[in-house]
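Take a look at the structure set out below.
The values are calculated or read from the model by the stated rules, or taken from the named source; none is laboratory data. Because the structure is predicted, anything quoted here is derived from the model rather than measured. Cβ atoms come from the backbone with ideal geometry, glycine included; neighbour counts cover every protein chain shown. Heads up: the accessible areas ignore ligands, DNA and RNA and are worked out on the full protein's heavy atoms, side chains in. Shrake-Rupley method; radii C 1.70, N 1.55, O 1.52, S 1.80 Å.
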Amino acid sequence: MRALDYLLAAAAVALTVGISTSAHAAKSPRIQTLPPLREQAKIVDAWTEERKALIPGILRKYGIDAWLISQREYAEDTVFWALKEATQFSARRRTTYLFLAHPTNGAPSSYQWIENTPLVWDELTSILETQQPATLALNDHAELAFSGGLHAGERDAIFSALGSSKWTGKFVLEPMLGIETVATMVPSRLEWYKKMMETSWAIIEEAFSERIIKPGETTAWDVEWWMREKIQALNYTTWFQPSVFILNKDGFEAMDDPRAPDGLIEYGDILHCDFGVTALGLNTDTQHVGYVLSPGETGADIPNGLLEGLEKVNRLQDITRGNMKIGMTGDEILKASLDQAHGEGIQGKIYCHATGEFGHSAGTVVGMTNLQEGVPFLGELPLLKNTYYSIELYAEHFVPERNQTIKFPQEEDVFWNEETESWDWVYGQQTKFHFIHTQADKGVQSQGEL
Ligand SMILES: *[C@@H]1O[C@H](CO)[C@@H](O)[C@H](O)[C@H]1NC(C)=O
Ligand SMILES: *[C@@H]1O[C@H](CO)[C@@H](O)[C@H](O)[C@H]1NC(C)=O
């Protein structure tokens with residue numbers, strides 16, 4: 001197609017779906033390569049130091065005087081991974097941290113032991129005797145991983161080591177310590193998080209293109225493994241197997257499955273991927289949709305019902321992030337978002353989670369696929385600022401051209417923008433399908449590549 005035809009076609013699509021040509025929609029994602037490992041370690045360690053410096057303030061916020069985190073090699077507390085140095089690959093021997101909210105007499109606010117003798121308990125007791133904390137928090141929550149990472153055996157070891165002292169009577173549980181420590185994303189992380197999201201988008205854009213997909217030959221798993229190899233070639237890793245789902249004429253209900261079934265990709269299929277990358281101690285999480293153009297079809301011929309479906313799920317994304325008020329619980333946000341969506345005639349499901357340090361990271365969740373009325377424990381936590389979230393959901397839309405109600409999934413990461421007090425897209429929002437072009441329109445690039 002000639003350039004002018006293409007511009008007209010693109011304008012027609014933009015008009016049909018009423019999308020403003022925002023900067024996000026027009027920019028083209030590029031792979032961002034990682035610096036050498038030594039440099040990466042420096043970057044990550046600087047972030048970890050910033051995080052550790054926040055801990056005394058977090059203790060004071062929740063009225064806790066001291067926090068004890070202890071583990072043995074290969075039986076780490078979940079919080080360990082957010083505190084370790086880049087060159088540590090596991091805890092060693094017995095690795096024990098103590099953090100103080102109000103150190104007196106010029107004492108440090110944090111301590112670390114890597115020990116295999118009772119020395120750690122002697123020194124710990126002596127610090128407690130000097131500092132006299134009234135409360136000593138342990139991570140022994142029964143339901144929340146980020147505040148429940150103390151192993152049962154290690155708990156026994158702590159109680160037997162401190163058993164004869166008064167300190168075992170000072171133990172308390174404050175779930176928000178582990179959660180806020182892991183969830184808080186210091187501002188210096190954002191630049192790299194944006195680059196990682198851009199890389200994620202770039203990989204999806206290439207995967208969902210005629211360069212990788214040949215209809216009638218390529219299967220869903222071919223694309224998944226191509227994505228895995230691509231991640232590896234870029235020296236990134238990932239935290240879950242990418243999934244490529246095919247929504248064909250018979251519909252597709254298996255989005256809840258941990259693993260997309262394999263299948264041949266054909267002309268006219270709608271594709272859906274769930275994809276994330278890992279690097280620098282950060283994780284991304286993205287779901288996009290693509291469309292396999294049939295011979296003779298161009299991007300301008302995509303059924304209007306599909307464009308409306310994408311527009312609808314985009315609206316559900318905006319409704320959800322608009323309702324994510326700091327301090328509200330995930331369950332309250334879920335209800336407010338679903339109420340507003342239903343009021344606007346949108347049916348669907350919402351299942352958002354914190355992301356960043358872990359793929360499914362610390363913090364409240366806004367729904368889960370099987371829990372749309374509220375989520376026990378996780379949904380009861382308050383939403384924290386200075387965190388990253390995955391806005392993950394789907395909207396249902398009846399597509400007349402297919403005589404079918406189709407679920408339009410999307411997932412996109414947001415960060416808390418302190419200046420505007422809003423949740424902003426880390427890279428962007430998918431407002432246009434990725435197209436797998438055919439020979440007929442091979443001159444046309446998908447709009448995302450403009
Ligand atoms: C991946 O790492 C290898 C080995 O350090 C390096 O030669 C290569 O350039 C890296 N690739 C990318 C895309 O960063
Ligand atoms: C649309 O689907 C319904 C059932 O799902 C069926 O009863 C109806 O005949 C279909 N309409 C057309 C035009 O195929």
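Arrange the residues Arg94, Arg60, Arg51, Arg315 by how much accessible surface each exposes, largest first, with a 1.4 angstrom probe.
Arg60, Arg315, Arg94, Arg51
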Explain nothing, just the number: relative contact order of the chain, from Cα pairs under 8 Å at least 6 residues apart, as a whole percent.
17
Give me the accessible area of Arg211, 1.4 Å probe, in Å² rounded to the nearest 10.
140
Between Gly348, Gly57, Gly367, find the one with the highest GNM mean-square fluctuation for the chain; connect C-alpha pairs within less than 10 Å.
Gly57
Round to the nearest 10 and report in Å² the accessible area of Phe240, as given by a 1.4 Å probe over the protein chains' heavy atoms.
50
Area accessible to solvent at Lys335, 1.4 Å probe radius, in Å²
130
From the phi of every residue in segment 381-395, what ³J(HN,Hα) in whole Hz does the Karplus formula 6.51 cos²θ - 1.76 cosθ + 1.60 yield, where θ is phi - 60° and glycine or proline is x?
7, x, 6, 9, 7, 6, 10, 10, 10, 9, 7, 10, 5, 9, 10
Let me check something: with ligands and nucleic acids excluded, how do His342, His360, His353 order by accessible area (1.4 Å probe), largest to smallest?
His360, His342, His353
In square nanometres, what is the average projected area of the Cα convex hull of the chain?
22.7
Using Cα springs under 10 Å in a Gaussian network model of the chain, which residue among Pro409, Pro29, Pro295 shows the largest mean-square fluctuation?
Pro295
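How long is the gain from Glu143 to Thr33 if the chain were fully straight, where each residue apart is worth 0.36 nm and the alpha carbon distance is subtracted?
Details: separation 110, 0.36 × 110 = 39.60 nm, distance 3.80 nm.
Once the chain is fully extended between Glu143 and Thr33, it gains 35.8 nm.
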Computed label-point distance, nm, for sites Ser126 and Glu380 using a 7 Å Cα→Cβ extension
4.2
Which order do the peptides 125-135, 300-310 take when ranked by the mean count of other beta-carbon atoms within 10 Å per residue, highest first?
300-310, 125-135
Top to bottom by accessible area (1.4 Å), largest first, where do Glu217, Glu39 land?
Glu217, Glu39
³J(HN,Hα) computed for each position of segment 404-421 - Karplus, 6.51 cos²θ - 1.76 cosθ + 1.60, integer Hz, glycine/proline x
7, 8, 10, 8, 9, x, 8, 8, 8, 8, 10, 10, 7, 8, 4, 5, 8, 6
Modelled label-to-label distance, Ile212 and Arg155, 7 Å Cα→beta-carbon offset: nm?
4.3
Output the 0 to 90 degree angle, nearest 10, between the alpha-carbon long axis of helix 152-162 and the longest principal axis computed from the alpha carbons of the chain.
20
For the chain, what does the helix formula give at 222 nm: sum of -39500 (n - 2.57) over DSSP H segments with n ≥ 4, over the residue count, nearest 500 deg cm²/dmol?
-10500 deg cm²/dmol
For segment 49-173, what value does the Rg/Rh ratio take when both radii are computed over Cα atoms and Rh is the Kirkwood radius, given to two decimals?
0.92
